[in-house]
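Below is one structure, written out as structure tokens; comments come after it.
The values are calculated or read from the model by the stated rules, or taken from the named source; none is laboratory data. Just so it is clear, the structure is predicted and the values come from calculations on it, not from any experiment. Virtual Cβ from ideal backbone geometry, glycine too; neighbours counted across all protein chains shown. The accessibility values were calculated without ligands, DNA or RNA, using every heavy atom of the protein model including side chains. Shrake-Rupley method; radii C 1.70, N 1.55, O 1.52, S 1.80 Å.
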Amino acid sequence: GRGSLGGKMGAESLTLDCLIHIFSYLEAPDLLRAAQVNKTWLEATDTTSLWRNMCLNQWAFCNISVTPGMQTWKKYYLHRSNIEHKMISGQPSVDYTCKAIRGHQGEIQDMAYLSPNEHTFAMGKVKSIVCTASGDGTVKAWDVQEGTQIWSSPKQEMKLVQVITIPQHNLVVTRDLHGTIKLWHGDTGKELGAFSTESTFCPTVAYTINNKPFLSVATSSEKIYTLAVPDLSQISCINPFPNCSVDLSPCSPDGQSIVVLPLDSNEAPKVLYTHYATNPEDDQLMFSSPLPVNKCAFVTCWLPAEPARIALMHRIDQCDNITTFDITIQKSKNKMNIMGKFL
């Protein structure tokens, strides 16, 4: 075409910034075709912001820093899109193999990955190991790709209702119906330790501090035990809410905080500081003040890519609400304050 001054206007006259702006309206297939026009267009289509925006528009959470082989947003988008396309269009025995895991004599109550990085999109061949706890009283480890059993524990007296794994230390934790906590070696299934809470309700959380694993266990007797790993010896026993049982959130990504959820609707949640739970000095230092939520908090979720940001679902006047906090720990000369900053 011709401009108002009669000069010829063409694609070659567009600056790199103009091309990037235009390409921001294109989908991935069009970008890949545009990249074949010339070197300038190739440079524009490889712009990080284009592919980053496409990733974040397509998926709620992306993290290329922990994904092997994904050094750029473009590689991440193309690889993850390819995986999803294969999942949708793939045919059994042609594009993928479905392996049945058989071996338990009872219903599987819980399962957890023992292999690390189970949520990344790794390149090449990977080996995934999953552990299952069953009503038949056994915990088993399985090779997911082969569908074969790696090991099985001896049958326990009571059915197992929870399994937790600590992949970085190759450890497996189980809890049975009567509150017995046991630790197993991830390679062999050998029993390493046991602790009895004598409580049918005992949510258990595993976490690591300075590369040392620990467990915290809440009970129906209103106590929270902190246990050393691997022998499961008791480090501390605390009672955050007199006359009130509690539930526990998972540990925060930074390993410092566990939200303690009272089962009494008249109480508000508190934050347990894991450092003092594992190094007991003063029970008063272990907990934050009650978080400023309207009681009845019953679901928690630590948000990804943040060290200690948690969302709590709680009920106000029969309506469910979600409130988000950043958990911060402020150190002073004589004490330490654990605070939940409302977002």
Mind checking the dipole of the stretch 91-240: about its Cα centre, +1 per Lys or Arg Cβ, -1 per Asp or Glu Cβ, Debye to the nearest 20? 180 debye
In nanometres, what is the gap between the two model label sites at ASP110 and GLU198, each 7 Å from Cα along Cα-to-Cβ? 2.2 nm
Candidate residues MET313, MET54: accessible-area rank, largest first, probe 1.4 Å: MET313, MET54
What size of dipole, in debye to the nearest 20, comes out for the stretch 220-285 about its Cα centre when the only charges are +1 on Lys and Arg C-beta atoms and -1 on Asp and Glu C-beta atoms? 80 debye
Mind grabbing the accessible area of PHE61 for me, 1.4 Å probe, Å², rounded to tens? 90 Å²
Going by average Cβ density within 10 Å per residue, which order do the peptides 271-278, 224-231, 40-47 take, highest to lowest? 271-278, 224-231, 40-47
